[in-house]
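**Student:** Got a structure for you, questions after.
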Amino acid sequence: MRGRPVVTEPRSLREQLADVPDSLALLEGLFTHSPVPYAVFTADGHCLLTNPAFLAMFGAAPPPEYSLFKDELLAALGYGKLLLRAVSGERVQTPVFWYDVKDLEHVRAPAEAKRIAISCTGFPLVSSSGGVTHIAVAYQDMTAELAAREAAQAERRNLLQVFTQAPVAISVLRGYALRYEFANPLLQKLMGGRELNGRTQEEAIPDLSPELLSLHRSVFETGERAIAQECPVTIDYEGAGRVETKFWNIIFEPLRDERGQVDGLVTFASDVTEQVLARQAVENQQKWLEAVLDLMPMPVVMADPASGDLNFSNAAADRLYGGHIPRDVPATAYGEHFHVTDLAGRRLRVDEIPSTRAARGERLDGLEVLWHTAAGQFALSISSETLPAMHGHPSVVVIPFLDITRLKTVEQHLQEAVRARDEFLSVASHELKTPLTSLGLRLQSFARAIQADPASALAQRHGREVEAMRRQMTRLSELVDGLLDVSRISTGRLKLQYEPVDLSALVREVAARFELEAARAGCTLHVTHAEGLQGAWDPLRLEQVVSNLLSNALKYGAGAPVHVEVAPGGLGARLWVKDRGIGIDPEAHARIFQKFERAVSERNYGGMGLGLYVTRTLVEALGGTIQVDSRPGEGATFRVELPLQPAR
């Protein structure tokens, strides 16, 4: 028969130690090598023993005057009294707290002492008689744990402060019911001060749209972040029965527990109502402006200066294109959509197309091109201007263009008429030249006969008439010569024959021929010249320049001296012709050098307005320049500058 197991009573530690040889050495080794810091205190709190782990923790053993129960740091926390209960036989433990020996006023702390976080466990040491004679205190270093805990708490406080003061509305929702755990002051203010925390979203904001509730729950269910841009939320924000719509940018971020499961979400919402309404106002203004531009008869397109893409065309431009001009066409694809040529018919490359040039910052001013579209071929005069960003609008390149197709047609007809006129003048001048030459010779013969016998009846009867006829013949010949020159210039048949010319001598000769005419005009000619001023010019044309300027000076400066000066300078040689006549208005200075232009009425002064035009053309053909300096009533000075050699 199996016996029953023998149950023995556990023996006390003292009984067990009695069987151990040299038990004191055993206990001493256990105390010395224990990794747990220990200190043994007397019943009145004075330290009796410390182990090496204690010394490593605090840097030194407590001095003799130190009393555990009078430690001001423990006393301030109430832990001195707690440890005193160990003297009464209790086992006690303090919470974790910061302890720094250097803060003790009655103890001189060792230099190596440092602030640490500790937890103390005190327990009584009972003598053989059964009374508590000492207490032992075990210390646990909790510095790392407490520092981490406090850092986490500080981080939470900082995060809470950030959430509280953030300029965005923030909420923390927990559970599938989406119960508010946190709502920052801004969110509560935007919600009209209504109570949110502790209530579900549907309870706190019952008029929230099902779509927005569904978006919250989808983030909770999928665990994926979501962003809603300019989300319209129509609710009674103030809780006063006034429903309004505001626009929000909302970020939904899932929150996970320690197992990685979604147990809530945090939302960050920014009220962008003002921005949305401002943009909508700008868009409405843009639509209004586009409607205005569509009513304009002038075609207009616009391009993005950053990319060059076309982003607007009005109705007039679309009509020329034969349909809606494609929007957002990149500059690199202009050649595929737009067939543009110069006036000669050469197709422009992509980088030459006006809209491309304008988009890259080039300012166009009346650029003329031909646009070939489904609606036909149009001659356009294109300009451009970059409008900087302003009033919420981005910068844009505005490209208006004029349809000058009719003008070009009229211009072509005018050019044909001018060619016909020039041809007529050329033919008429040549046809007039032959009879005028013959008539001139007969008048010269008649004049010589009269001059040979001044006392004859013929001379007495017709002498003055013949002289008048000679002057009119000379004037008519000059007009015909002028017409011939204009014809040669217009048709490009003006030829120059260069040879060495002494400019001073040429001017003296021309001036000498004008002595009689100057006398009739009541003028005296004063010629100042530098000797030996020679160059390569066409002598016939150069003589014509000097003759025209002298004739002009005698006509408009009659009764006053005329000064002619030749000197080196400027391009090489200079010629001045100065009169003291009626002068010329500064506004007419450029105009008088044009064909058939005059500064005064032909009723008072004859001529066809060709002399200065021919003079300018001849001077420029010789590579020179001509200018006038004059004011009404102060006479006129014409200055010609000529190079000494023709341009290569």
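The values are calculated or read from the model by the stated rules, or taken from the named source; none is laboratory data. Treat the numbers as computed from the prediction; the structure is a model and nothing was measured. All Cβ positions, even for glycine, are placed from backbone atoms using ideal geometry, and neighbour counts span all protein chains on display.
**Student:** Answer yes or no: is there a residue in segment 592-605 that is modelled with pLDDT under 90, out of contact with any helix residue (DSSP H, G or I) (no Cβ under 9 Å at 6 or more places or on another chain) and of a type in the set (Ser, Thr, Tyr).
**Tutor:** The answer is yes, given that some residue of segment 592-605 is modelled with pLDDT under 90, out of contact with any helix residue (DSSP H, G or I) (no Cβ under 9 Å at 6 or more places or on another chain) and of a type in the set (Ser, Thr, Tyr).
**Student:** Which one of these does GLY239 not meet: (1) part of a loop (DSSP other than H, G, I, E, B); (2) touching a Pro at 6+ places or on another chain (Cβ under 7 Å); (3) under 30 Å from GLU195 (Cα atoms)?
**Tutor:** GLY239 satisfies every listed condition except (2).
**Student:** For segment 242-258: of the residues being among the acidic types (Asp, Glu) and not in a strand (DSSP E or B), which is farthest from the chain's Cα centre (by Cα)?
**Tutor:** GLU258
**Student:** Moving on to the next point. Does segment 125-143 include one or more residues that are over 19 Å from LEU83 (Cα atoms), surrounded by 13 or more Cβ atoms within 10 Å (Cβ to Cβ) and out of contact with any helix residue (DSSP H, G or I) (no Cβ under 9 Å at 6 or more places or on another chain)?
**Tutor:** The answer is yes; a qualifying residue exists.
Residue-wise test of (1) in contact with a Phe, Trp or Tyr (Cβ under 7 Å, 6 or more places away or on another chain); (2) under 18 Å from VAL510 (Cβ atoms); (3) assigned to a strand (DSSP E or B); (4) not assigned by TED's automatic domain parsing to the domain that holds GLY522.
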position	(1), (2), (3), (4)
ARG541	no, yes, no, no
LYS555	yes, yes, no, no
ALA560	no, no, no, no
PRO568	no, no, yes, no
VAL619	no, yes, no, no
ASP629	no, no, yes, no
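**Student:** Right, here's the next one. Can you name every residue in segment 83-103 that is surrounded by 17 or more Cβ atoms within 10 Å (Cβ to Cβ) and under 13 Å from PHE58 (Cα atoms)?
**Tutor:** Hits for segment 83-103 are TYR99, VAL101.
**Student:** Sticking with this one: For GLU597, are the conditions met, namely being of a type in the set (Asp, Glu) and more than 25 Å from ARG508 (Cα to Cα)?
**Tutor:** The answer is yes for GLU597.
**Student:** Hey, another quick one. Is it true that some residue in segment 266-285 is buried (at least 19 other Cβ atoms within 10 Å of the Cβ), assigned to a strand (DSSP E or B), of a type outside the set (A, V, I, L, M, F, W, C) and more than 27 Å from the chain's Cα centre (by Cα)?
**Tutor:** yes
**Student:** Could you list, in sequence order, all residues of segment 52-96 that are in a loop (DSSP other than H, G, I, E, B), of a type in the set (S, T, N, Q) and within 16 Å of LEU125 (Cα to Cα)?
**Tutor:** SER88
**Student:** Quick one: which residue in ALA204, ALA183 is among the small types (Gly, Ala, Ser), within 14 Å of VAL266 (Cβ to Cβ) and free of Cβ contacts under 8 Å to residues at least 40 places away in the same chain?
**Tutor:** ALA183
**Student:** Regarding ASP365, is this residue surrounded by fewer than 18 Cβ atoms within 10 Å (Cβ to Cβ) and on the phi > 0 side of the Ramachandran plot?
**Tutor:** no
**Student:** Follow-up. Do we find a residue being of a type in the set (Asp, Glu) and under 30 Å from ASP585 (Cβ atoms) anywhere in segment 503-520?
**Tutor:** Yes, the conditions are met somewhere in segment 503-520.
**Student:** Also, quick follow-up: Report the residue count in segment 570-596 for those that are part of a strand (DSSP E or B) and over 21 Å from TRP537 (Cα atoms).
**Tutor:** Qualifying residue count for the region: 2.
**Student:** Name the single residue, out of those in segment 523-539 being buried (at least 19 other Cβ atoms within 10 Å of the Cβ) and assigned to a loop (DSSP other than H, G, I, E, B), that is modelled with the highest pLDDT.
**Tutor:** Here the residue is CYS523.
**Student:** Let me ask another. Out of the residues in segment 202-254 that are of a type in the set (Gly, Ala, Ser) and closer than 25 Å to TYR176 by Cβ, state the one that is surrounded by the most Cβ atoms within 10 Å (Cβ to Cβ).
**Tutor:** ALA204
**Student:** If you take the residues in segment 324-351 that are within 23 Å of the chain's Cα centre (by Cα) and in a helix (DSSP H, G or I), which one is surrounded by the most Cβ atoms within 10 Å (Cβ to Cβ)?
**Tutor:** ALA331
**Student:** So, one more: Taking strands (runs of 3 or more DSSP E) that fall entirely within segment 132-184, which contain at least 2 residues that are polar (S, T, N, Q)?
**Tutor:** Fully inside segment 132-184 and qualifying: 132-141.
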